Amino acid sequence: MVLGTECPSIIREGALLSLSDSLHIAILASVLSLIIYWLIRDSHRVRNRSGKHVFITGCDTELGNSLAKWLDKRGFCVIAACATEKRGQELQSCSSLSLKTVNLNLADSNSIARAVVFVTEEMAGKGLFGLVSNAEGTAPVAPTDWLRIEDFHSVLDVSLLGLIKITLKLLPLLKKAEGRVVNLINAKGLMAFVGGGYSLSKWGMEAFSDTLRIEMQHFGVKVSIVEHGFFKAGVVNSDGINKYLLRLWNRLSPEIRDSYGEKYFVEYIKAQRSSMKRLCDSDISKVIKCVENALIAKYPRTRYGAGWDAKFFSLFLSYAPSCLSDMLLCMTFPAPAASGRSVPRVLINI
């Protein structure tokens, strides 16, 4: 009798365990299938690159210059935009004959119009396969009340509005070729930890890129963002940072200067210099390989992360609770004299 009453419960428990195990196996199999599908999909490449034109802005920077040379060697017909004719000639002298250069000032509408005419003529009736925007305006990084409106314009007119202008002008050519748009964005812009137009421009670039991606997919145009960290090749040296901050400090009114204090100024410079030194990566090829993948992948990713700080530090802080990121930044940067807090030396170098 005891065995007879226990058997049904044992059978029920066995059935439940079996159902639970089957569910776990099904979930695991689904996850593995998705991973395998993604890996196979991500491995597909565009086969024929010859005759495909790629227009790159900001080729007078080391990143843009290296990217133009890299894609030129990979068989693309590169059109490199440089701010000066001298930089363009230097780039052409160490590249193949298929690489062309054009002068471009993204803050000047007339310069943008001339560059678009040049690109259109180079296409000879064909579409533009790739637009890579490496737009970096001079980036005043300082407390907000140290700045004037022209300091914001110096960044936004190039890094955001200039990027939007050149993209809008070239969209017809990109739609004709069902091409790609790749926007290079510093991941530090995802977290507004300093005043000025730098973070504003990066957030704006993210929003513009996402909107463009959603709208242009109907025309076969693919849009990717390469979020990269700081690289030694693209960072202003410490002397340049010191001179810039000193110029801002000297033009402040006595009232604002007294509210911060001389000690704050000294420690703020140290914090900026130290964070740049610790975060900068020397391997610029990480960015270049991400850009190449966005151009040659049959199904390019929406976002690429290049550099350890972009993949971990900036991404983490951008999603972390505000109280945590605020606390970290308060420990990193000094406090103004008027706040009543002591102005410690830099405790944490981000």
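Would you please name the residue that is nearest to Asn186 (Cα to Cα), looking only at residues in the range 281-336 that are polar (S, T, N, Q) and modelled with pLDDT under 80?
As a first pass, look at the range 281-336 and keep what is polar (S, T, N, Q): 282, 285, 293, 302, 314, 318, 322, 325, 332.
Filter once more, keeping what is modelled with pLDDT under 80: 282, 314, 318, 322, 325, 332.
Details: Ser282: 15, Ser314: 10, Ser318: 13, Ser322: 20, Ser325: 18, Thr332: 20 Å.
This residue is Ser314.
For the range 204-218, the criterion of being open to solvent by 10 Å² or more (accessible area, probe 1.4 Å), acidic (Asp, Glu) and touching a helix residue (DSSP H, G or I) at 6+ places or on another chain (Cβ under 8 Å) is satisfied by at least one residue. Looking across the range 255-270, the residues that are open to solvent by less than 90 Å² (accessible area, probe 1.4 Å), assigned to a helix (DSSP H, G or I) and not polar (S, T, N, Q) come down to Ile256, Arg257, Tyr260, Tyr264, Phe265, Val266, Glu267, Tyr268, Ile269, Lys270. Taking the range 148-165 as the range and being surrounded by fewer than 17 Cβ atoms within 10 Å (Cβ to Cβ) and assigned to a loop (DSSP other than H, G, I, E, B) as the test, only Arg148 passes.
Of all residues in the range 78-117 being part of a helix (DSSP H, G or I) and of a type in the set (Gly, Ala, Ser), which is surrounded by the most Cβ atoms within 10 Å (Cβ to Cβ)? Let's see the steps before the verdict.
Step one: of the range 78-117, the residues part of a helix (DSSP H, G or I) are 85-93, 109-117.
Keeping just the survivors that are of a type in the set (Gly, Ala, Ser) gives 88, 93, 109, 111, 113, 115.
Details: Gly88: 21, Ser93: 7, Ser109: 13, Ser111: 18, Ala113: 13, Ala115: 23.
This residue is Ala115.
Checked against the criterion of being touching a Ser or Thr at 6+ places or on another chain (Cβ under 6 Å) and at positive phi, the candidates Gly58, Gly75, Gly51 yield just one match: Gly75. Within the set Leu173, Leu168, the sole residue that is open to solvent by 50 Å² or more (accessible area, probe 1.4 Å), farther than 30 Å from Tyr268 by Cβ and either assigned to a loop (DSSP other than H, G, I, E, B) or hydrophobic (A, V, I, L, M, F, W, C) (or both) turns out to be Leu168. Inspect the range 38-51 for any residue being surrounded by 19 or more Cβ atoms within 10 Å (Cβ to Cβ) and out of contact with any Cys (no Cβ under 6 Å at 6 or more places or on another chain) and give the result as yes or no. No, the range 38-51 has no match at all.
The values are calculated or read from the model by the stated rules, or taken from the named source; none is laboratory data. Given the structure is predicted, the values throughout are model-derived calculations rather than measurements. Reconstructed Cβ throughout: ideal geometry from the backbone, glycine too, with neighbour counts over all protein chains shown. SASA here: full protein model, heavy atoms, side chains in, ligands and nucleic acids out. Shrake-Rupley method; radii C 1.70, N 1.55, O 1.52, S 1.80 Å.
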